[in-house]
Every structure is written in C-alpha cells, then in structure tokens.
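A short write-up of the structure that comes next.
What follows draws every value from the coordinates through simple rules; no lab data is involved. Nothing here was measured: the structure is a model prediction, and the numbers come from that model. Heads up, the Cβs are rebuilt from the backbone with ideal geometry, glycines too, and the neighbour counts pull from every protein chain shown.
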Amino acid sequence: MIVMARKEFIQHSCYKFMFLMGIIDMFVLPFNAIAGGIQAILGYHYCAYPILYFFIGVIPSSGWYGTGMTCLLLAINRFFEMTNREVAEILFGGKRIYIWLSLPFVYMFYTFFEEVATYQNKYFAFFFDPFYGEPGWESAKHVNLTYHCIHNITIVIGLGGIYGLLCFIIATKSTSLFKNADTSKLQKLMTLQSMCICIEIFVAAIVYVIMQFYTVPDILIVIAHACWICVHGASPITLTAGSSTVHPILPAIVSQNP
C-alpha cells in the first residue's frame, strides 16, 4: 500500500483501482480469514452468537462485492489503456477516475443489506444457507439463487470476456486495429498484474456459485474459501513479484522505518 501510494505509481489509474482493492482487503481479511479460523477452532455456530457472526458474515461479503466491482472496473481500464488511449483518457482521465472509484463504495453499502453468509465449521467456508449439509434442514435449491450468485456470474462473464479479448488482441498483435494502442513494457506489466489478481477472483466466484447449488467434494469447498482469502491476501505478492520497479523501493522503505 505504501509503495502504490508513491507518486510514480498512483499517477496511473490502474494503480488507483489496485490501491482501492488494498483498502478493501485490509477490512475483509480479519473477518473471512482470522475470525473464520477462530470460529472453526472454537467450534462456535452462528446460533450461539447471532449478532457477532452476522457482522463476521456481512462485512467480508460486502467486501467481496466491492472487490468484484473494482476488479471489473480495473479490467475495463486495462482494456482501453491497451487498445485505445483516447477512450481511456476520456473515461478515466483527470478527476473522472474518482467517480469510478466511488462506485464500489456505493455498491458495498447497498450489498450490506443483502442476504448474510454464515461461516460453517463443518466445511470451513461461508454459505448463505445456515443449514447447508444438514439433511432435512437444508433450504430448497432455488432459495440459494442469491444476489451473491448473480454477482458472481456477472463477474465471471465480465472478467472472462474482457481479459479473453485482450489476450487475443495481444497474442495476435492486432492492436493496429485500434487507435493509439499502447503495448509498452509498463502497460503490459500493469495488465499482467491486473490479470493475476482477477484470476483468483474468477476461480473463487465460479466455485462458490457451484457449491451453493450442488454437493461438491469437501476439499473443493476448502479450496474455494482459500481462493477467497488469497483474493484479499495475495495481491501484495502479485504486485511485487514481477515488478523490477518495486524491488529497489521496498528496502528503502524498510530502512526508513526500523
């Protein structure tokens, strides 16, 4: 977060989106990872502390919605930055970027009042059906067609379509079809970082939709939840691993803060 806030990075609109995702990550991780883990260790169920576990469920759920929207906006930003800089400037240039950055906050506030996901100790994951896996108590399958599922399907189609088309353009070098295409090394690096972050969201979104409707192996449920944790926890690794610009900055920051 400190590195992305530096002028040489934050001046790019894509890093503004990534910085916003980092803020959301810091609010979500204590709930979907730490609180969920503590709940699993202690064996507490939602019914024991309904108010507490309501917030443990609703905060990371709203964060997931916000991250998904931010990632979709990031994908749109990357597409136009790589294919048509004029359109990218019209959409994301100047203070207009802050209008886009405000949308995930509005969206999260709205989804805060949607159906709550509860953590299931038996499966180490969140479900919208509090009786998932309990024969005779489970909700009808159509009940699981939640706002969450609609959101996830939209994210999967959106990210898959945008990045699929962008990969095709880069692979075939057909950017000449677009005006002012920019395939510089920096633009490719930022696009690769964006794609790596969004792949985790893509996988988690698919599996979480499937397991709301069908019985899946327990290990797949754990993998889906691990992917959700990685969505909010692995971004720093993604941003620093492939960036030679970031590497020399990190030791300087650490040395300034002993």
Mind listing the long-range amide H neighbours of A125? Cut-off is under 5 Å, sequence gap 5 or more, other chains count too, H placed in the peptide plane at 1.01 Å from N. Q120
Ranked output for segments 39-51, 6-18 by mean other Cβ atoms within 10 Å, highest leading, reads 6-18, 39-51
